[in-house]
1. Shape verdict for the range 278-319, please, from the Cα gyration tensor: rounded (a/c under 1.5), prolate (a/b greater than b/c) or oblate.
2. In nm, to one decimal, how far is the VAL202 label point from the PHE448 one, both placed 7 Å along Cα→Cβ?
3. Where Rh is the Kirkwood radius over the Cα pairs of the range 123-228, the temperature 37 °C and the viscosity 0.692 mPa s, what D in µm²/s does Stokes-Einstein return?
4. Cut-off is 10 Å between beta-carbons; in what order do ARG67, ARG340, ARG346 appear when sorted fewest neighbours first?
5. Given an 8 Å cut-off on Cα distances and at least 6 residues of separation, report the relative contact order of the chain as a percent.
6. Can you tell me the FRET efficiency between ASN339 and SER227 if r is taken as the Cβ-Cβ distance and R0 is 60 Å, rounded to the nearest 0.05?
7. What's the FRET efficiency of LEU182 with GLU293 using the Cβ-Cβ distance as r and R₀ = 60 Å, to the nearest 0.05?
8. Not counting the cut sites, what is the longest span of the chain without GluC sites (Glu not before Pro) that DSSP labels loop and that have at most 11 other Cβ atoms within 10 Å?
Amino acid sequence: MKKNITFTKSLVPLIGLIAAAAGSIFIWDAGMSIPLIIGVILAAAIAITAGWEWNEVQKMMVDGVSRALPAVFILLTIGMIIGSWIASGTIPTMIYYGMMLINPAWFVPITALITGIVSITLGTSFTAIATVGLAFMGIGEVLGFSPALIAGAIVSGAYFGDKLSPLSDTTNVAAAMVETDLFSHVKHMLWDTIPAFLLSFVLFWLFGSFEVTAIGLETSLIDVFLSGLNDAFVIHPLLLLLPVITVFLMIKRVPALPTLMGVGFLGAIIAGLVQGSSVSSIVQFMTSGFVSETGVEAVDSLLNRGGLTSMLETVGILIIATAFGGILEGTGSFKVLTNRMLEKVRTTGTLIASTLLTTFIVALASGAQFLAVILPARTFVDKYKEMNIDTKNLSRTVESMGTVGINLIPWSVPAVFATGILGVSPWEYIPYAFFIYLVPLMNLLFGFTGWTITRKDYNHEKLQHERKISL
């Protein structure tokens, strides 16, 4: 017979995970895989002691992982794209023309803005980071900017776009989970997203201006870098058609995975036709990453990356994290934790604060965006209706922390992904990713002041629905 899991026992897997993560990150420098496995073991052990059979626990894990499978295939495909787009000369061309055209004084805020525009268009922060983000990273390092500042601008722009794009998976999921229509959800998010991004833009301009004044311009290094790219690749504006085609397909709502697969293989064809790469080398680049041998250290360190195998660590963390979340949801541990918070909710401010805290806890525990959006949305939707607060306030709040704020957690899948692509530790770039903590703070402010909080009489709506049924 199954027993109810107590509040104290529900906390054990989370505390164990956080303690193991602290040791792994600050002492052993061993990443997040083992701490997450420890969390899974503790969650499974508590479930079994409460009366669940191992087969039931295993099914919970499988159910959790199954929700992440689309993201797994997209991550692997992005690794493949990076390898083929570098080999095709597309990313080198983006870097080449970017270095020639961008004014250094405005480079940092423009990095955030353009990455954001691309992310809105594509509907995915991951692809924006892996394409234009990677290009801006290379340009910024050669210009002499701090890698942490550039990475912060890239991540801020990418999640500004991901949050507002109607093509984004998390944006669609958040709206669906709280039973509101997509465009009402997106429109309501403008209240927290636009002010947070404008403030971030100003901060990036200030920090960028300070660095330009401090470092000056290393024009000789820029010339060497451009020369290295020119010697190693055919650089031509027509190569920029590949990202344009990608944007076009996304706008036409072609599903993400076929689109990414298609442009990945198109990059491989271009690598053979334009750059003269052999089939053997192209397959190796798409599998294990591009190998740059220009002899220019700055060029080689930037372009030696990508490949399907480069995504395996991120995929592994995603799988373990979603298995962990599956156990917490399946056993009701998560509900036990949130019910304690819901008992204390009396005002709009405490409701928004509880939603943010719960979403952060799920993000902290699982590191997965989908879980951080889905679980709190499911948990709080009835409470918002009970208090006659429009559920689009809930979808906005869970997105602010589940889609964006999750990047504050160094072992989350988005943070691990950004580190793998940009080569900058989360501990370094998070202080400069202003947007990711301004958005949750905006929602906290709105909750306690009542600004932008819309209300809806769900009791009246329910009565109207019941009358229609009776007629």
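Read-outs: derived from the displayed coordinates by stated rules, not from any lab. Here the structure is a predicted model, which means the values were calculated and not measured. Note that each Cβ is placed from the backbone with ideal geometry, even for glycine, and that neighbours are counted across all protein chains shown.
1. Working: a/c = 5.80, a/b = 1.52, b/c = 3.81.
The shape class here is oblate.
2. Computed distance between label sites VAL202 and PHE448 equals 2.1 nm.
3. Roughly 210 µm²/s, to the nearest whole number.
4. ARG346, ARG340, ARG67
5. 24
6. Once rounded, the FRET efficiency stands at 0.40.
7. On the way: r = 47 Å, r/R0 = 0.79.
Result of the calculation: an efficiency of 0.80.
8. Details: sites that count: GLU53, GLU293, GLU343.
Value returned for the longest uninterrupted segment is 54-292.
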